[in-house]
Amino acid sequence: MVNIVIPANVINFFQIIIPLITFDIVEDLGILELIFPNSEEDSETQMDTIRQIRDLGYDSFNLFLNLGTLALLVCVYLLKFAYVFLILKPLSVIFKSLQPRYLKMKADLFFGDILTVFKEGFMEFLISSFMLLLYAP
């Protein structure tokens, strides 16, 4: 395994910047820990090898706990996607007055929402995916 040494000033910079970038409002409320419990014994044995990632604030291999508010935003996006294509599209075929609303929401889905979610949460997606692919049990 490759262990990259990160200087202390860079770790401090990440500890300040990452909460600002991720806009993580759910982390302080503890809602995700109730929904997705963390297995402490699984993470303790494997976290010794990636201490620097733990120092950045990623204490778990659970993707939803690592993503926090971003995971909820992705779920909201998927619900909106299902609404547009499973409910609004068939209704717009029947009721022609819904056609402009359907076209606008479809454009927002592909050119607004998904780009915003991935742009705002790029670092969080990157670190969580890295942990999931390389270090998950």
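Our coupling estimate for region 59-65, obtained by passing each phi through the Karplus curve with A = 6.51, B = -1.76, C = 1.60 and θ = phi - 60°, is 8, 9, 8, 6, 4, 5, 5 Hz, Gly and Pro reported as x. Counting only lysines at least 8 places from K119 when in the same chain, those with an alpha carbon closer than 28 Å to its own are K80, K89, K104, K106. Name the shape class, rounded, prolate or oblate, that the alpha-carbon gyration tensor gives for region 62-137, where a ≥ b ≥ c are the square roots of its eigenvalues, rounded holds for a/c under 1.5, and otherwise prolate holds if a/b is larger than b/c and oblate otherwise. Judged from the Cα gyration tensor, region 62-137 comes out prolate (a/c at least 1.5, a/b above b/c). Listed values for region 102-118 are Karplus-derived 3J(HN,Hα) couplings in whole Hz (6.51 cos²θ - 1.76 cosθ + 1.60, θ = phi - 60°), namely 4, 5, 5, 5, 5, 5, 5, 4, 8, 10, x, 5, 5, 5, 5, 4, 6, and x replaces Gly and Pro. Summarising the label geometry, the points placed 7 Å from Cα in the beta-carbon direction at D55 and I16 lie 1.6 nm from one another. Relative to the current alpha-carbon distance between F111 and A82, full extension at 0.36 nm per residue lengthens the span by 8.8 nm.
Where a number appears in this text, it was derived from the coordinates with a stated rule and is not lab data. These numbers come from a predicted model, not from an experiment. Ideal geometry is used to build each Cβ from the backbone, glycine not excepted, and the neighbour counts take in all protein chains shown.
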